[in-house]
1. Considering each of Thr35, Thr9 in turn, give the residue that is β-branched (Val, Ile, Thr), assigned to a loop (DSSP other than H, G, I, E, B) and under 13 Å from the mean Cα position of the chain (by Cα).
2. When both residues are 6+ apart or on different chains and their Cβ atoms are under 9 Å apart, which pairs have a first residue that lies in the range 22-37 and is on the phi < 0 side of the Ramachandran plot, and a second that is hydrophobic (A, V, I, L, M, F, W, C) and assigned to a loop (DSSP other than H, G, I, E, B)?
3. Being outside any helix (DSSP H, G or I), out of contact with any Cys (no Cβ under 8 Å at 6 or more places or on another chain) and closer than 19 Å to Arg55 by Cβ is the filter here; which residues of the range 69-97 pass it?
4. I'd like to verify a number: residues in the range 5-43 that are under 19 Å from Ala61 (Cβ atoms) and β-branched (Val, Ile, Thr), how many?
5. Would you call Arg55 in a helix (DSSP H, G or I) and either surrounded by 13 or more Cβ atoms within 10 Å (Cβ to Cβ) or touching a helix residue (DSSP H, G or I) at 6+ places or on another chain (Cβ under 6 Å) (or both)?
6. Do you know which of the residues in the range 58-97 that are touching a residue at least 12 places away in the same chain (Cβ under 8 Å) and charged (D, E, K, R) is surrounded by the fewest Cβ atoms within 10 Å (Cβ to Cβ)?
7. Mind checking whether some residue in the range 23-44 is surrounded by fewer than 16 Cβ atoms within 10 Å (Cβ to Cβ), modelled with pLDDT of 95 or more and among the hydrophobic types (A, V, I, L, M, F, W, C)?
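The values are calculated or read from the model by the stated rules, or taken from the named source; none is laboratory data. Computed from a predicted model, the values in this text were never measured in an experiment. Counting neighbours? That spans all protein chains shown, and the Cβs are built from the backbone with ideal geometry, glycine included.
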Amino acid sequence: MAAGRMAPTLTNTDYVLAVPCRRYEGEYLYVVENTNGMRRLVRAEPVWGSADKLRLWRDNAHYPDQVVRRAVFDRFVIGRVIADIKTRDPAAMAALV
């Protein structure tokens with residue numbers, strides 16, 4: 001999964017460790033999967049003043065924010081990131097996975 005959308009926090013040579021989740025669990029970094037099976041990383045936080053809307057955003061400012069209902073987010077979320085790995089030797093790491 002390309003991480004360019006999360007740059008500078010994550011780069012394309014970094015890895016994340018995620019645990020399965022099927023709903024919004026708080027302000028975290030999540031893995032979501034669209035209807036085509038493409039996975040991406042997004043941050044999620046509640047929209048101020050709304051009980052059922054979430055703001056989805058990426059660390060790279062070139063990508064616009066999205067506002068979605070929690071029920072929609074819950075249909076597409078597949079994991080919550082619990083750790084990230086900064087790769088010092090991308091070639092060696094790629095050989096392991």
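1. Working: Thr35 fails: under 13 Å from the mean Cα position of the chain (by Cα).
Unique residue meeting the criteria: Thr9.
2. The qualifying pairs are Tyr28/Cys21; Leu29/Leu10; Tyr30/Cys21; Val31/Met1; Val31/Cys21.
3. If the condition is that a residue be outside any helix (DSSP H, G or I), out of contact with any Cys (no Cβ under 8 Å at 6 or more places or on another chain) and closer than 19 Å to Arg55 by Cβ, then Arg69, Val81 are the ones that fit.
4. 3
5. No: the conditions fail for Arg55.
6. Going through the qualifying residues, I end up with Lys86.
7. Checked against the condition, which is being surrounded by fewer than 16 Cβ atoms within 10 Å (Cβ to Cβ), modelled with pLDDT of 95 or more and among the hydrophobic types (A, V, I, L, M, F, W, C), the range 23-44 yields no hits at all.
The rows are residues; the columns are (1) farther than 13 Å from Val68 by Cα; (2) among the polar types (S, T, N, Q).
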| position | (1), (2) |
| --- | --- |
| Leu10 | yes, no |
| Tyr30 | yes, no |
| Asn36 | yes, yes |
| Leu41 | yes, no |
| Asp52 | no, no |
